[in-house]
């Protein structure tokens, strides 16, 4: 396998291979302005303003003029910083081509919710009050609670739908739909099917174990995966959320490892899903399972990162978009890499930047569908009927069904210690 196509610096805040710096950043936000998006009608990010500058080009919404659309994002910077770079890269390419109906997109700020739900709501309200924004994008946090407020204000938001705010909310749009389903019986997950395909086995009869952190989102995620496993004939031998959520740290993973290793009638399962939000918890569990002699797939959703490739050797990551390693055969991935180089030549292209890039791309597609007379209600109406898809790369995510269901497409990449191998190419699961 060829070397990774990442740059040198990594945006994931990790202080060592197996330890995560889960402390909050010194500032609650970053000013990440699209380099080609500034217009004469805008002011500095964070300053209260009423956009001006002549005709609004048919738009009747805050944050929109004839030449500009202002947005802001929110993320958990301690874990998942970098989505704003991906979003800016995609916005810049669109802006360089003239924008959407002549309007260039400005990402004025990316707030930090510090992995705290209360802070998340406060920061969401501040973005709306101070930044004169039209919509919120990108969103990269598991504790996103600002969606209720944004819906009350009828403000569209686009992100990675890994929090309940993206489910059953007509104003929220996830690139892969509603990932955290409130009613597990209605939810679906492609993970049991993807794991079986990686093993080259029928899912019927396979034993699955899954573990998560003690968060509000975890219970729903575990239940959805378990529901899907049952539908395809797999048996769930362990499904618990006992691990303290970040910023808490775990000193000894042995009790969790041993519980899994003896969960299948005294023996190990066929594969393990680590539905964890903290890279340090993922790496701790993976190392513990490997040291205990587990040889099956150990799958998570986060450690696809250049800085973690050595520490995560043997671990597999489920990615809901085509991986960087697919660039040679997947033109949209190569385009994303090229766009990132324009933003910052030495910036890495990591998982969070990739997801930020596709969030921005989805927002752009929705803007185009909404037409030139832009309003928030018009954008919501257009997005609610769209199917977001980039060939062989991400999606299809079809709305309005995706307001209640997650996407079922993705791929699996496995660390060999120096780079990632594609264990399962991008594909979509077929659910019974």
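Out of 260, 282, which single residue is surrounded by 16 or more Cβ atoms within 10 Å (Cβ to Cβ), at pLDDT 95 or above, assigned to a helix (DSSP H, G or I) and within 18 Å of the chain's Cα centre (by Cα)?
Going through 260, 282 in turn, just one is surrounded by 16 or more Cβ atoms within 10 Å (Cβ to Cβ), at pLDDT 95 or above, assigned to a helix (DSSP H, G or I) and within 18 Å of the chain's Cα centre (by Cα): 282.
Answer yes or no: is there a residue in segment 70-81 that is under 13 Å from residue 359 (Cβ atoms), at pLDDT below 95, assigned by TED's automatic domain parsing to the domain that holds residue 130 and buried (at least 22 other Cβ atoms within 10 Å of the Cβ).
yes
Inspect all residues belonging to segment 316-335 and state whether any of them is assigned to a helix (DSSP H, G or I), under 18 Å from residue 107 (Cα atoms), outside the structural domain of residue 208 (by TED's automatic domain parsing) and modelled with pLDDT of 95 or more.
Checking segment 316-335: not a single residue is assigned to a helix (DSSP H, G or I), under 18 Å from residue 107 (Cα atoms), outside the structural domain of residue 208 (by TED's automatic domain parsing) and modelled with pLDDT of 95 or more.
Among the candidates 103, 126, which residue alone is closer than 21 Å to residue 358 by Cβ and at pLDDT 95 or above?
Exactly one residue qualifies, and that residue is 103.
Which numbered condition trips up residue 71, out of (1) under 30 Å from residue 218 (Cβ atoms); (2) assigned to a loop (DSSP other than H, G, I, E, B)?
With (1) under 30 Å from residue 218 (Cβ atoms); (2) assigned to a loop (DSSP other than H, G, I, E, B) applied to residue 71, the lone miss is (2).
I'd like to verify a number: residues in segment 117-150 that are in a strand (DSSP E or B) and without any contact (Cβ under 8 Å) to a residue 60 or more places away in the chain, how many?
Adding up the residues that qualify gives 0.
Return the only residue of 398, 414 being farther than 18 Å from residue 83 by Cβ, surrounded by fewer than 19 Cβ atoms within 10 Å (Cβ to Cβ) and touching a strand residue (DSSP E or B) at 6+ places or on another chain (Cβ under 7 Å).
When all the criteria are applied, what remains is 398.
The values are calculated or read from the model by the stated rules, or taken from the named source; none is laboratory data. Computed from a prediction, not measured in an experiment: that's the story for all the values here. Note: ideal-geometry Cβ built from the backbone for every residue, glycine included; neighbour counts use all protein chains shown.
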